[in-house]
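The next block holds one structure in the form of C-alpha coordinates; read it before the comments.
The values are calculated or read from the model by the stated rules, or taken from the named source; none is laboratory data. Keep in mind the model is a prediction, meaning the values are calculated, not measured. Note that each Cβ is placed from the backbone with ideal geometry, even for glycine, and that neighbours are counted across all protein chains shown.
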Amino acid sequence: MVARTQKEIRQRAPLWLIALLLLNLGLMSYDARDTVTQQRLLRVWIQAAAAPFQNVTTRVGGAGVNIFEYLATLNRAAKENEQLKQRLAQAETELRDARAARDENERLKGLLGLKEESKYTSVMARVIARDPSAWFDTVTINRGRSSGIELNMPVVTGEGIVGRVVALSPWTAQVMLITDERAAAGAVVGQLGTSNALGSVKGEGRNGLLEMRYVSGMEQVNKGDYIVTTGQDGIYPPGLSVGEVVEVTTGTATVPHVIHAKPSAHINSLEEVAVLLYHPPQRVAPDQTLLPTGGKSKK
(Lines give C-alpha, C1' and ligand atoms only; values in the text may rest on other atoms or scores of the structure.)
Protein backbone atom coordinates (compact mmCIF):
# COMPACT_ATOMS: atom_id res chain seq x y z
CA MET A 1 0.00 0.00 0.00
CA VAL A 2 2.89 2.38 0.80
CA ALA A 3 4.45 1.57 -2.55
CA ARG A 4 1.23 2.28 -4.28
CA THR A 5 0.89 5.62 -2.53
CA GLN A 6 4.39 6.69 -3.53
CA LYS A 7 3.63 5.68 -7.09
CA GLU A 8 0.51 7.84 -7.13
CA ILE A 9 2.49 10.75 -5.68
CA ARG A 10 5.08 10.43 -8.45
CA GLN A 11 2.34 10.35 -11.07
CA ARG A 12 0.57 13.40 -9.66
CA ALA A 13 3.74 15.40 -9.00
CA PRO A 14 3.92 16.86 -12.56
CA LEU A 15 0.30 17.95 -12.29
CA TRP A 16 0.97 19.69 -8.99
CA LEU A 17 4.02 21.32 -10.49
CA ILE A 18 2.10 22.61 -13.48
CA ALA A 19 -0.65 23.88 -11.18
CA LEU A 20 1.87 25.68 -9.01
CA LEU A 21 3.56 27.20 -12.07
CA LEU A 22 0.22 28.40 -13.42
CA LEU A 23 -0.69 29.81 -10.04
CA ASN A 24 2.65 31.59 -9.89
CA LEU A 25 2.16 32.88 -13.44
CA GLY A 26 -1.29 34.07 -12.56
CA LEU A 27 -0.06 35.88 -9.48
CA MET A 28 2.78 37.43 -11.45
CA SER A 29 0.37 38.43 -14.26
CA TYR A 30 -2.10 39.85 -11.81
CA ASP A 31 0.56 41.86 -10.14
CA ALA A 32 2.31 42.88 -13.37
CA ARG A 33 1.61 46.48 -14.53
CA ASP A 34 2.01 48.41 -17.73
CA THR A 35 5.05 50.70 -17.59
CA VAL A 36 3.19 53.61 -19.17
CA THR A 37 -0.35 53.50 -17.78
CA GLN A 38 0.48 51.56 -14.59
CA GLN A 39 -2.64 49.45 -15.24
CA ARG A 40 -2.55 45.76 -14.42
CA LEU A 41 -1.70 43.75 -17.54
CA LEU A 42 -4.36 41.17 -16.72
CA ARG A 43 -7.00 43.83 -16.92
CA VAL A 44 -5.58 45.08 -20.22
CA TRP A 45 -5.62 41.51 -21.64
CA ILE A 46 -9.18 40.93 -20.47
CA GLN A 47 -10.33 44.22 -22.03
CA ALA A 48 -8.58 43.35 -25.29
CA ALA A 49 -10.19 39.92 -25.35
CA ALA A 50 -13.62 41.31 -24.52
CA ALA A 51 -13.46 44.20 -27.02
CA PRO A 52 -14.91 42.27 -30.03
CA PHE A 53 -17.82 41.01 -27.95
CA GLN A 54 -18.43 44.49 -26.57
CA ASN A 55 -18.51 45.93 -30.11
CA VAL A 56 -21.06 43.34 -31.20
CA THR A 57 -23.16 43.96 -28.08
CA THR A 58 -22.98 47.71 -28.58
CA ARG A 59 -24.04 47.43 -32.20
CA VAL A 60 -26.91 45.10 -31.39
CA GLY A 61 -28.02 47.35 -28.56
CA GLY A 62 -27.73 50.45 -30.75
CA ALA A 63 -29.70 48.72 -33.49
CA GLY A 64 -32.40 47.82 -31.00
CA VAL A 65 -32.60 51.39 -29.77
CA ASN A 66 -32.72 52.63 -33.38
CA ILE A 67 -35.55 50.21 -34.20
CA PHE A 68 -37.61 51.42 -31.25
CA GLU A 69 -36.91 55.03 -32.18
CA TYR A 70 -37.90 54.26 -35.81
CA LEU A 71 -41.14 52.62 -34.69
CA ALA A 72 -41.91 55.60 -32.45
CA THR A 73 -41.21 57.93 -35.37
CA LEU A 74 -43.54 55.91 -37.60
CA ASN A 75 -46.26 56.09 -34.97
CA ARG A 76 -45.91 59.86 -34.71
CA ALA A 77 -45.86 60.18 -38.50
CA ALA A 78 -49.04 58.07 -38.78
CA LYS A 79 -50.83 60.26 -36.22
CA GLU A 80 -49.67 63.44 -37.96
CA ASN A 81 -50.74 61.99 -41.32
CA GLU A 82 -54.20 61.20 -39.95
CA GLN A 83 -54.49 64.72 -38.53
CA LEU A 84 -53.43 66.19 -41.88
CA LYS A 85 -56.02 64.04 -43.67
CA GLN A 86 -58.73 65.28 -41.33
CA ARG A 87 -57.65 68.89 -41.84
CA LEU A 88 -57.56 68.38 -45.61
CA ALA A 89 -61.05 66.83 -45.61
CA GLN A 90 -62.32 69.73 -43.50
CA ALA A 91 -60.68 72.25 -45.84
CA GLU A 92 -62.21 70.51 -48.89
CA THR A 93 -65.63 70.56 -47.24
CA GLU A 94 -65.29 74.25 -46.44
CA LEU A 95 -64.13 74.92 -50.02
CA ARG A 96 -67.12 73.04 -51.46
CA ASP A 97 -69.46 74.95 -49.16
CA ALA A 98 -67.85 78.24 -50.17
CA ARG A 99 -68.17 77.37 -53.86
CA ALA A 100 -71.79 76.29 -53.39
CA ALA A 101 -72.54 79.54 -51.56
CA ARG A 102 -70.80 81.52 -54.30
CA ASP A 103 -72.72 79.70 -57.05
CA GLU A 104 -76.00 80.19 -55.20
CA ASN A 105 -75.19 83.86 -54.75
CA GLU A 106 -74.52 84.20 -58.48
CA ARG A 107 -77.78 82.45 -59.33
CA LEU A 108 -79.73 84.65 -56.95
CA LYS A 109 -78.07 87.74 -58.40
CA GLY A 110 -79.15 86.57 -61.85
CA LEU A 111 -82.72 86.05 -60.69
CA LEU A 112 -82.76 89.42 -58.93
CA GLY A 113 -81.40 91.04 -62.06
CA LEU A 114 -84.10 89.31 -64.07
CA LYS A 115 -86.73 90.52 -61.61
CA GLU A 116 -85.48 94.09 -61.83
CA GLU A 117 -85.15 94.13 -65.61
CA SER A 118 -88.32 92.25 -66.40
CA LYS A 119 -91.58 94.13 -66.72
CA TYR A 120 -93.39 91.13 -65.26
CA THR A 121 -93.84 90.44 -61.56
CA SER A 122 -92.01 87.27 -60.53
CA VAL A 123 -91.85 84.92 -57.55
CA MET A 124 -88.51 83.37 -56.66
CA ALA A 125 -88.63 79.66 -55.78
CA ARG A 126 -86.33 76.75 -54.99
CA VAL A 127 -86.46 73.34 -56.68
CA ILE A 128 -87.21 70.76 -53.98
CA ALA A 129 -87.81 67.59 -56.04
CA ARG A 130 -87.43 66.14 -59.50
CA ASP A 131 -89.43 63.36 -61.11
CA PRO A 132 -86.92 60.55 -61.83
CA SER A 133 -89.22 58.56 -64.14
CA ALA A 134 -88.55 58.08 -67.83
CA TRP A 135 -92.03 59.29 -68.82
CA PHE A 136 -92.12 62.74 -67.25
CA ASP A 137 -89.60 65.55 -67.09
CA THR A 138 -90.87 67.70 -64.23
CA VAL A 139 -89.63 69.42 -61.08
CA THR A 140 -91.39 70.57 -57.92
CA ILE A 141 -90.81 74.04 -56.49
CA ASN A 142 -91.52 75.39 -52.99
CA ARG A 143 -94.02 78.08 -54.05
CA GLY A 144 -97.65 77.56 -54.92
CA ARG A 145 -101.10 79.08 -55.07
CA SER A 146 -100.55 81.04 -51.85
CA SER A 147 -97.78 82.99 -53.64
CA GLY A 148 -100.05 83.98 -56.50
CA ILE A 149 -98.88 81.27 -58.89
CA GLU A 150 -101.41 79.91 -61.39
CA LEU A 151 -101.49 77.11 -63.95
CA ASN A 152 -99.46 77.60 -67.16
CA MET A 153 -97.41 80.45 -65.73
CA PRO A 154 -93.87 80.42 -67.20
CA VAL A 155 -90.87 79.42 -65.10
CA VAL A 156 -87.48 80.89 -65.99
CA THR A 157 -83.92 81.44 -64.81
CA GLY A 158 -81.51 84.24 -65.64
CA GLU A 159 -80.36 82.20 -68.66
CA GLY A 160 -83.70 81.37 -70.25
CA ILE A 161 -87.04 79.59 -70.00
CA VAL A 162 -87.37 76.44 -67.88
CA GLY A 163 -90.97 75.34 -68.39
CA ARG A 164 -94.52 76.02 -67.25
CA VAL A 165 -96.60 75.28 -64.16
CA VAL A 166 -98.83 72.21 -64.70
CA ALA A 167 -100.02 71.40 -61.15
CA LEU A 168 -100.55 73.42 -57.97
CA SER A 169 -101.00 73.11 -54.25
CA PRO A 170 -101.17 75.99 -51.78
CA TRP A 171 -97.42 75.77 -51.07
CA THR A 172 -95.84 73.88 -54.00
CA ALA A 173 -96.09 73.72 -57.77
CA GLN A 174 -95.12 71.17 -60.39
CA VAL A 175 -93.27 72.47 -63.41
CA MET A 176 -93.13 70.69 -66.76
CA LEU A 177 -89.69 71.34 -68.22
CA ILE A 178 -89.26 72.62 -71.73
CA THR A 179 -87.30 69.44 -72.55
CA ASP A 180 -90.40 67.28 -71.95
CA GLU A 181 -91.84 65.82 -75.15
CA ARG A 182 -95.25 67.28 -74.27
CA ALA A 183 -93.88 70.81 -73.82
CA ALA A 184 -93.94 73.39 -76.60
CA ALA A 185 -93.34 77.08 -77.14
CA GLY A 186 -93.69 79.50 -80.02
CA ALA A 187 -90.21 80.68 -81.05
CA VAL A 188 -88.14 82.39 -83.68
CA VAL A 189 -84.53 81.94 -84.75
CA GLY A 190 -82.78 85.29 -84.57
CA GLN A 191 -84.02 88.64 -83.39
CA LEU A 192 -87.67 88.99 -82.54
CA GLY A 193 -89.41 91.39 -84.92
CA THR A 194 -86.81 91.17 -87.69
CA SER A 195 -86.47 87.42 -88.37
CA ASN A 196 -89.06 85.36 -90.24
CA ALA A 197 -87.64 82.00 -89.09
CA LEU A 198 -90.75 81.30 -87.05
CA GLY A 199 -91.64 77.89 -85.67
CA SER A 200 -92.46 75.84 -82.60
CA VAL A 201 -90.00 74.40 -80.08
CA LYS A 202 -90.70 71.12 -78.29
CA GLY A 203 -88.70 68.83 -76.05
CA GLU A 204 -87.02 65.68 -77.31
CA GLY A 205 -87.35 63.78 -74.06
CA ARG A 206 -84.44 62.36 -72.09
CA ASN A 207 -81.57 63.61 -74.29
CA GLY A 208 -82.06 67.16 -72.95
CA LEU A 209 -82.28 68.82 -76.39
CA LEU A 210 -85.02 70.79 -78.11
CA GLU A 211 -86.42 70.38 -81.60
CA MET A 212 -87.71 73.34 -83.58
CA ARG A 213 -90.25 72.61 -86.29
CA TYR A 214 -92.10 74.40 -89.08
CA VAL A 215 -89.26 76.83 -89.90
CA SER A 216 -89.37 77.53 -93.63
CA GLY A 217 -86.53 76.05 -95.62
CA MET A 218 -86.15 79.40 -97.36
CA GLU A 219 -85.03 81.11 -94.13
CA GLN A 220 -81.37 81.31 -93.21
CA VAL A 221 -80.57 79.27 -90.05
CA ASN A 222 -77.03 78.55 -88.87
CA LYS A 223 -75.46 76.61 -86.05
CA GLY A 224 -74.92 78.92 -83.07
CA ASP A 225 -78.00 81.08 -83.75
CA TYR A 226 -80.14 81.93 -80.75
CA ILE A 227 -83.82 81.11 -80.38
CA VAL A 228 -86.25 83.36 -78.47
CA THR A 229 -89.94 83.16 -77.64
CA THR A 230 -92.54 84.93 -79.74
CA GLY A 231 -95.42 84.97 -77.24
CA GLN A 232 -97.79 83.34 -79.74
CA ASP A 233 -98.27 80.23 -77.57
CA GLY A 234 -100.14 82.15 -74.87
CA ILE A 235 -97.79 80.89 -72.14
CA TYR A 236 -94.39 82.55 -72.49
CA PRO A 237 -94.00 86.30 -72.99
CA PRO A 238 -92.08 87.35 -76.10
CA GLY A 239 -88.32 87.86 -76.12
CA LEU A 240 -87.23 85.21 -73.59
CA SER A 241 -84.20 83.14 -74.45
CA VAL A 242 -85.00 79.54 -75.42
CA GLY A 243 -81.75 78.01 -76.60
CA GLU A 244 -78.92 77.85 -79.10
CA VAL A 245 -78.97 75.99 -82.41
CA VAL A 246 -76.57 73.03 -82.34
CA GLU A 247 -77.62 71.19 -85.50
CA VAL A 248 -79.51 72.11 -88.69
CA THR A 249 -80.79 69.82 -91.40
CA THR A 250 -81.39 72.27 -94.21
CA GLY A 251 -84.83 72.22 -95.82
CA THR A 252 -86.09 73.37 -99.16
CA ALA A 253 -88.82 75.63 -100.46
CA THR A 254 -91.38 72.93 -99.67
CA VAL A 255 -89.63 71.12 -96.79
CA PRO A 256 -88.96 72.95 -93.49
CA HIS A 257 -85.66 72.89 -91.65
CA VAL A 258 -85.05 70.30 -88.95
CA ILE A 259 -83.40 72.21 -86.10
CA HIS A 260 -81.97 70.91 -82.83
CA ALA A 261 -81.10 73.28 -80.01
CA LYS A 262 -79.55 73.24 -76.56
CA PRO A 263 -81.65 74.97 -73.88
CA SER A 264 -80.25 78.22 -72.55
CA ALA A 265 -81.22 77.32 -68.97
CA HIS A 266 -79.21 74.64 -67.18
CA ILE A 267 -82.13 72.22 -67.01
CA ASN A 268 -80.18 69.35 -65.43
CA SER A 269 -78.90 71.41 -62.49
CA LEU A 270 -81.82 73.62 -61.53
CA GLU A 271 -81.80 74.94 -57.97
CA GLU A 272 -83.42 78.38 -57.96
CA VAL A 273 -86.00 79.58 -60.49
CA ALA A 274 -88.44 82.45 -60.95
CA VAL A 275 -92.12 82.09 -61.79
CA LEU A 276 -93.39 84.96 -63.94
CA LEU A 277 -96.86 86.06 -62.84
CA TYR A 278 -97.67 86.54 -66.49
CA HIS A 279 -101.11 86.65 -68.07
CA PRO A 280 -101.05 86.72 -71.87
CA PRO A 281 -102.95 89.60 -73.47
CA GLN A 282 -106.48 88.82 -74.53
CA ARG A 283 -106.82 88.26 -78.23
CA VAL A 284 -109.14 90.74 -79.91
CA ALA A 285 -111.96 89.02 -81.74
CA PRO A 286 -112.76 90.20 -85.28
CA ASP A 287 -115.28 92.98 -85.55
CA GLN A 288 -118.59 91.18 -85.98
CA THR A 289 -120.18 94.27 -87.51
CA LEU A 290 -118.15 93.94 -90.70
CA LEU A 291 -119.84 92.28 -93.65
CA PRO A 292 -117.95 89.31 -95.11
CA THR A 293 -118.38 90.56 -98.68
CA GLY A 294 -118.19 94.27 -98.80
CA GLY A 295 -116.38 94.96 -95.59
CA LYS A 296 -119.03 97.58 -94.73
CA SER A 297 -120.64 97.82 -91.36
CA LYS A 298 -124.30 97.23 -90.89
CA LYS A 299 -126.59 100.17 -90.52
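Would you check if GLY205 is farther than 23 Å from ASN268 by Cβ, surrounded by 15 or more Cβ atoms within 10 Å (Cβ to Cβ) and modelled with pLDDT under 95? If you could, list the steps in order and put the result at the bottom.
Details: farther than 23 Å from ASN268 by Cβ: no; surrounded by 15 or more Cβ atoms within 10 Å (Cβ to Cβ): yes; modelled with pLDDT under 95: yes.
It is false that GLY205 is farther than 23 Å from ASN268 by Cβ, surrounded by 15 or more Cβ atoms within 10 Å (Cβ to Cβ) and modelled with pLDDT under 95.
From ALA183, ALA197, grab the single residue that is surrounded by 13 or more Cβ atoms within 10 Å (Cβ to Cβ) and either over 16 Å from ILE161 (Cα atoms) or at pLDDT 95 or above (or both). Before the answer, list the steps.
Values: ALA183 fails: either over 16 Å from ILE161 (Cα atoms) or at pLDDT 95 or above (or both).
Within the list ALA183, ALA197, the selection yields ALA197.
Starting from region 205-219, take each residue that is touching a residue at least 60 places away in the same chain (Cβ under 8 Å) and list its partners that are part of a loop (DSSP other than H, G, I, E, B), counting only C-beta distances under 6 angstrom and pairs at least six apart or across chains.
Every condition considered, the pairs that remain are GLY205/GLU181; GLY208/THR179.
Looking at region 149-165, which of the residues that are more than 29 Å from the chain's Cα centre (by Cα) and buried (at least 18 other Cβ atoms within 10 Å of the Cβ) is nearest to TYR236 (Cα to Cα)? Quick ask: steps written out before the conclusion?
Of all residues in region 149-165, those more than 29 Å from the chain's Cα centre (by Cα) come to 149-154, 164-165.
Now narrow it down to the ones that are buried (at least 18 other Cβ atoms within 10 Å of the Cβ): 149, 153-154, 164-165.
Numbers: ILE149: 14, MET153: 8, PRO154: 6, ARG164: 8, VAL165: 11 Å.
Per the criteria, the residue is PRO154.
Pull up region 252-282, narrow it to residues that are modelled with pLDDT of 90 or more and among the small types (Gly, Ala, Ser), then point me to the one that is farthest from VAL139 (Cα to Cα).
Per the criteria, the residue is ALA261.
Pick out the one residue from THR289, THR249 that is β-branched (Val, Ile, Thr), at negative phi, at pLDDT 90 or above and surrounded by fewer than 18 Cβ atoms within 10 Å (Cβ to Cβ). Break it down stepwise before answering.
On the way: THR289 fails: at pLDDT 90 or above.
Result of the check over THR289, THR249: THR249.
For residues that are under 30 Å from GLU219 (Cα atoms) and either of a type in the set (Asp, Glu) or not assigned by TED's automatic domain parsing to the domain that holds SER200 (or both), tally how many sit in region 242-279.
Initial filter on region 242-279 (under 30 Å from GLU219 (Cα atoms)): 242-267.
Within this subset, residues satisfying the condition of being either of a type in the set (Asp, Glu) or not assigned by TED's automatic domain parsing to the domain that holds SER200 (or both) are 244, 247.
Total satisfying the criteria: 2.
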